[in-house]
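The values are calculated or read from the model by the stated rules, or taken from the named source; none is laboratory data. All values reported here derive from a predicted model rather than from experimental measurement. Neighbour counts are summed over all protein chains in view; Cβ atoms, including those assigned to glycine, are modelled from backbone coordinates with ideal geometry. With ligands, DNA and RNA removed, areas are computed over all heavy atoms of the protein, side chains included. Shrake-Rupley method; radii C 1.70, N 1.55, O 1.52, S 1.80 Å.
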Amino acid sequence: MATMITSDCINCGACEPECPNNAIRQGDPVYVIDPLLCTECVGFHDYEACAAVCPVDCCVTDPNNIESEQVLIERARALHPETQIGESFESRFRKGQGKAAAPQKEPVVHAASSTAVASETAAAPQAMTGTATAYAEPDVNTIQLPEIDSWEIPMRCFKCNETHVESVRNFMIGNVIFCPHCHKSMVVRDNLNYHIRTLLKDSYERWEKEQTEFADRREKELAQFQEKRAKEAQAFQAHQERELEKIRAQLDAIGDNYDAAGKPFKKGSRFGWG
Ligand code: SF4
Ligand code: SF4
């Protein structure tokens, strides 16, 4: 069965980036899943990633589109030819045998019992409190490079074949280095000096650039993540407000239209039940 999205979708967009097959897109009026791209996450997870994050549980299996694990894994392989998906893969058909477990959704506050609902309809909507869990950013201990001239190079003497360790500071052009084992001398030529200097310079520059890019990327992703969560919360709150209105309207309708003993028939109606 391919997964489908029901009309309960609140368009929060949380599922879209989770899909390993890019099968989800914003539709009208709600998000939709392309069944030709959906593999029920077979090949990637042993759970359906969209269903795992959906705050209103509206990503469900489509009973009108039954597909076997074999069909789904073949689709995953066809969609991702660059990924070697072998015979051992994640699949909801093999739940628990894979590596990753479904992420835990934040608890959704369920409706109270019917009596409680009835008594609360007159009350103002409750603010969502107490369910948020603070996100703890893991510590990032980036490694700092040592001072550039603190490196050492193990040199093998071409005469006695023994190895001696020399500081990079000793590799100035024209400097003479003696083997401590056989006392053979070696003059540092410009090409050796150039090789060491450029290797260290390029490595240090690349290191610094990557570190800066990494920090910038994480900052940006965190800001996007927080913005997305804020939008999700807003959309969900709007959905709850609409639901609350619906409940109120339904209870109002009951109050207006109930059939009480002795209630006069509607004018013009031929039958008591008309
Ligand atoms: S079940 Fe998996 S593959 Fe299918 S739409 Fe959801 S996230 Fe994408
Ligand atoms: S996570 Fe659920 S509610 Fe949000 S867009 Fe996807 S299907 Fe709709």
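Residues whose amide H falls under 5 Å from that of M155, counting only those 5 or more places apart or on a different chain, are H164, V165, E166, with hydrogens built in the peptide plane.
May I ask you to derive the FRET efficiency for V71 and N22 from their Cβ-Cβ distance with R0 = 22 Å, giving the value to the nearest 0.05?
After rounding, the FRET efficiency stands at 0.70.
With the whole protein complex present, E87 retains an accessible surface near 140 Å², based on a 1.4 Å probe. The stretch between A230 and T6 holds 78.3 nm of extra length on full extension. This uses 0.36 nm per residue minus the Cα-Cα distance.
Computed extension gain for H195 through V56, at 0.36 nm per residue and net of the alpha carbon distance, reaches 43.9 nm.
Once the Cβ-Cβ distance of A215 and E245 is raised to the sixth power relative to R0 = 35 Å, the FRET efficiency obtained is 0.15. Put the Cα centre of the stretch 149-179 next to the Cα centre of the stretch 198-227 and the gap is 34 Å. Spin-label model, D252/N141: points 7 Å from Cα along the beta carbon direction are separated by 6.2 nm. Rounded to the nearest 10 square angstrom, T163 shows an accessible area of 70 square angstrom against a 1.4 Å probe.
The length gained by stretching the chain between L222 and Q237 to full extension, at 0.36 nm per residue less their Cα-Cα distance, is 3.2 nm. The 3J(HN,Hα) values that the Karplus relation (6.51, -1.76, 1.60; θ = phi - 60°) gives for the stretch 203-218 are, in residue order, 5, 5, 5, 5, 4, 5, 4, 5, 5, 5, 4, 4, 5, 4, 4, 5 Hz. Gly and Pro appear as x.
Largest accessible area first, the residues F89, F214 order themselves as F214, F89 under a 1.4 Å probe with ligands, DNA and RNA left out.
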